[in-house]
Amino acid sequence: MSTSTPGCRGKLWGVGLGPGDSELVTVKAAKVIGAADVIAYHSARHGNSIARGVAEPYLRGDQIEERLMYPVTVEATDHPGGYRGALDDFYAASADTLARHLRAGRDVCLLAEGDPLFFSSYMHMHKRLAGEFDTEIVPGVTSVSGASAALGLPLVEGEEILTVVPGTLPLDELSTVFAGADALAVLKLGRTFTTVRSALEQAGRLDEAWYVERASTSAQRVVPLADVDPSEVPYFSMAVVPGRRNNPRFTAPERGRGEVVVVGLGPGARAQTTPQVRAELAAATDLVGYRTYLGRVLPRPGQRVHASDNRVEAERAEFALDLASRGARVAVVSSGDPGVFAMAAAVAEVAAQPRWSDVPVRIVPGVTAATAVAAVAGAPLGHDFAVISLSDRLKPWEVIEARITHALHADLVIAVYNPGSQSRTWQVPRLHDLLRELVPSDRVMIVGRDVGGPEESMTVTTVGGFDPSVVDMRTMLIIGSSTTTVAERAGGRLVFTPRHHSG
């Protein structure tokens, strides 16, 4: 029985079927499948369609069926445009086939395994047809949800983040993503399985990984991924690494030969913490640091956290080295980059003592406050620059003032760390006096506060217009050189220091 109306255009339905079990098709999807004039589905060149098999209980039997057969799947092709060219032509031809039915007033139901807009072929039809025809998406249970149900494990809990990755990425990129993720779902296995397995092993996550094949169907298979024969892996399978809170395959690192790894979280935003740093934090048995910085880290179950005040760097370093000497894997946490006015130097100085000579120490870099502030403004550090801390807790003010003076005479851009705090209030006004003595009043200054944090602000001013009273302990200053330029543009202001210099 046709539901088409002469003279009217049909509607395109993108219908998600779920992960494979026909009983996981939604009520709405079943109604749309049963009512449509045309049932379309993709298939490989052998002609079989998993999607049609899932939808079969809901077909009427008198509907038009359009099998959209891929010209290639993973094999080579002699198409002049290569693999991508062959697929682009196929999608264009398939869209034309569906468009003919839609123009004739027939409603078309295009079946999609899982969800139509989640790694599905439906999206290629949608992009080509939605501008001309009425379309509607019926979402489906995703393969990730099916795999989680097959495992019987939560993939994430609390603040854990699930990362969904196509296995077609290069090995190095996969390894980097795997190392820094809380939980993982890796799709498109099949021929990519060996690469995915190698990446999990490189990232130290292989023992945590599960393999789920044909989730929710009678052929479902769930085993540790390390036990899988690569020659037996179909396309409809997935690698899953649940978050460590609920993954029984995760075991906390055993105490053996300890080490200290000093890491930088970046200036504030989670996005500016590198995958390498996240991996080191996840691998540690103990986290050591200033309590404010440790507050930015979500410890996993079993991980010990040792918070302390910000003014006990040497004691903190010695504490970390002592833990490591007894077999702990210790991550010492800094903000920004640990080697820039942070814990790396403190740890290295203490570790240089004979008592700690056998304890391995590594430094893992982070995004610095200076580069973060500079990036928000543009490129003020584009030429030679100096980095100077205004804190006189560990060095005399006379040394600080001399270094600022020399840097100004050398016409360097200066990034000023630690300009002020509740107990250090006179240093910034003195810096301002020094600047007014030595450089023109129109010299560019940048005042960045809480960059990367929730209260981020950025002010571009001049030496003459600078107000020292706005500076607090979360502020960084950048003092331009004679060539630093403020470009006011319709596309947004840019502050930059040219890479050339007249001398």
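The values are calculated or read from the model by the stated rules, or taken from the named source; none is laboratory data. Since the structure is predicted, the reported quantities are computational estimates derived from the model, not experimental observations. Because the Cβ atoms are built from the backbone with ideal geometry, glycine has one as well, and the counts that use them run over all protein chains shown. Each accessible area value is taken on the protein alone, full model and side chains, heavy atoms only, with ligands, DNA and RNA left out. Shrake-Rupley method; radii C 1.70, N 1.55, O 1.52, S 1.80 Å.
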Working carefully through the options 22, 43, find the one that is of a type in the set (Ser, Thr, Tyr) and within 18 Å of residue 216 (Cα to Cα).
22
Give the residues of the stretch 384-406 that are assigned to a helix (DSSP H, G or I), in contact (Cβ under 8 Å) with a residue 24 or more places away in the chain and open to solvent by 20 Å² or more (accessible area, probe 1.4 Å), sorted by residue number.
397, 401, 405
Among residues of the stretch 5-18, those that are touching a strand residue (DSSP E or B) at 6+ places or on another chain (Cβ under 9 Å), within 17 Å of residue 103 (Cα to Cα) and not in a strand (DSSP E or B), counted
2
If you take the residues in the stretch 304-329 that are outside any helix (DSSP H, G or I), at pLDDT 90 or above and touching a strand residue (DSSP E or B) at 6+ places or on another chain (Cβ under 9 Å), which one is most open to solvent (accessible area, probe 1.4 Å)?
304
Among (1) farther than 16 Å from residue 274 by Cα; (2) under 21 Å from the mean Cα position of the chain (by Cα) - the single one residue 337 does not satisfy
(1)
Quick one: residue 503 ticks every box in (1) open to solvent by 70 Å² or more (accessible area, probe 1.4 Å); (2) on the phi > 0 side of the Ramachandran plot; (3) in contact (Cβ under 8 Å) with a residue 12 or more places away in the chain; (4) not acidic (Asp, Glu) except a single one, so which number is it?
(3)
Residues of the stretch 29-81 being hydroxyl-bearing (Ser, Thr, Tyr) and in contact with an Asp or Glu (Cβ under 9 Å, 6 or more places away or on another chain), in sequence order, are 41
Filter the stretch 469-503 down to the residues that are among the polar types (S, T, N, Q) and at pLDDT below 95 and list them by number.
469, 475, 502
Among the residues of the stretch 149-161, are any over 22 Å from the mean Cα position of the chain (by Cα) and open to solvent by 50 Å² or more (accessible area, probe 1.4 Å)?
yes
Over the stretch 176-223, the set of residues under 20 Å from the mean Cα position of the chain (by Cα), among the small types (Gly, Ala, Ser) and either more than 24 Å from residue 299 (Cβ to Cβ) or not in a helix (DSSP H, G or I) (or both) is 181, 183, 185, 199, 203, 204, 209
With the requirement that a residue be more than 13 Å from residue 414 (Cβ to Cβ), in contact with a strand residue (DSSP E or B) (Cβ under 9 Å, 6 or more places away or on another chain) and not hydroxyl-bearing (Ser, Thr, Tyr), what does the stretch 467-485 give you?
467, 470, 471, 472, 474
Please identify the pairs in which a residue from the stretch 361-383 that is at positive phi has its Cβ atom under 8 Å from the Cβ atom of a residue that is open to solvent by less than 60 Å² (accessible area, probe 1.4 Å), counting only partners at least 6 apart or on another chain.
378/487; 378/495
Scan the stretch 207-223 and tell me whether some residue there is in contact with a helix residue (DSSP H, G or I) (Cβ under 8 Å, 6 or more places away or on another chain), among the polar types (S, T, N, Q), open to solvent by 30 Å² or more (accessible area, probe 1.4 Å) and at pLDDT below 90.
no
If you go through the stretch 407-425 one residue at a time, how many are at pLDDT below 95 and open to solvent by 50 Å² or more (accessible area, probe 1.4 Å)?
4
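Residue-by-condition table, conditions (1) of a type in the set (A, V, I, L, M); (2) outside any strand (DSSP E or B); (3) within 25 Å of the chain's Cα centre (by Cα):
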position: 332; (1), (2), (3): yes, no, yes
position: 348; (1), (2), (3): yes, yes, no
position: 363; (1), (2), (3): yes, no, yes
position: 366; (1), (2), (3): no, yes, yes
position: 373; (1), (2), (3): yes, yes, yes
On the basis of being open to solvent by 40 Å² or more (accessible area, probe 1.4 Å) and either in contact with a His (Cβ under 7 Å, 6 or more places away or on another chain) or not in a loop (DSSP other than H, G, I, E, B) (or both), does residue 469 make the cut?
yes
Are any of the residues in the stretch 485-495 part of a loop (DSSP other than H, G, I, E, B), open to solvent by 50 Å² or more (accessible area, probe 1.4 Å) and of a type in the set (A, V, I, L, M)?
yes
Here are the criteria: (1) touching a Lys or Arg at 6+ places or on another chain (Cβ under 6 Å); (2) under 17 Å from residue 136 (Cα atoms). Tell me which single one residue 43 does not satisfy.
(2)
Inside the stretch 234-258, the number of residues satisfying the requirement of being more than 29 Å from residue 287 (Cα to Cα) and open to solvent by 20 Å² or more (accessible area, probe 1.4 Å) is 3
Pull up the stretch 443-466, narrow it to residues that are crowded, with 18+ Cβ neighbours inside 10 Å and outside any strand (DSSP E or B), then point me to the one that is nearest to the chain's Cα centre (by Cα).
452
Considering each residue of the stretch 259-297, count those that are assigned to a strand (DSSP E or B), open to solvent by less than 20 Å² (accessible area, probe 1.4 Å) and in contact (Cβ under 8 Å) with a residue 60 or more places away in the chain, and give that number.
6
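Conditions (1) open to solvent by 50 Å² or more (accessible area, probe 1.4 Å); (2) modelled with pLDDT of 95 or more; (3) in contact with a helix residue (DSSP H, G or I) (Cβ under 6 Å, 6 or more places away or on another chain), marked per residue:
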residue	(1), (2), (3)
332	no, yes, yes
341	yes, no, no
344	no, yes, no
347	no, yes, yes
352	yes, yes, no
358	yes, no, no
363	yes, yes, yes
Residues of the stretch 168-186 being out of contact with any helix residue (DSSP H, G or I) (no Cβ under 6 Å at 6 or more places or on another chain) and surrounded by fewer than 23 Cβ atoms within 10 Å (Cβ to Cβ), in sequence order, are 169, 170, 172, 173, 177, 182
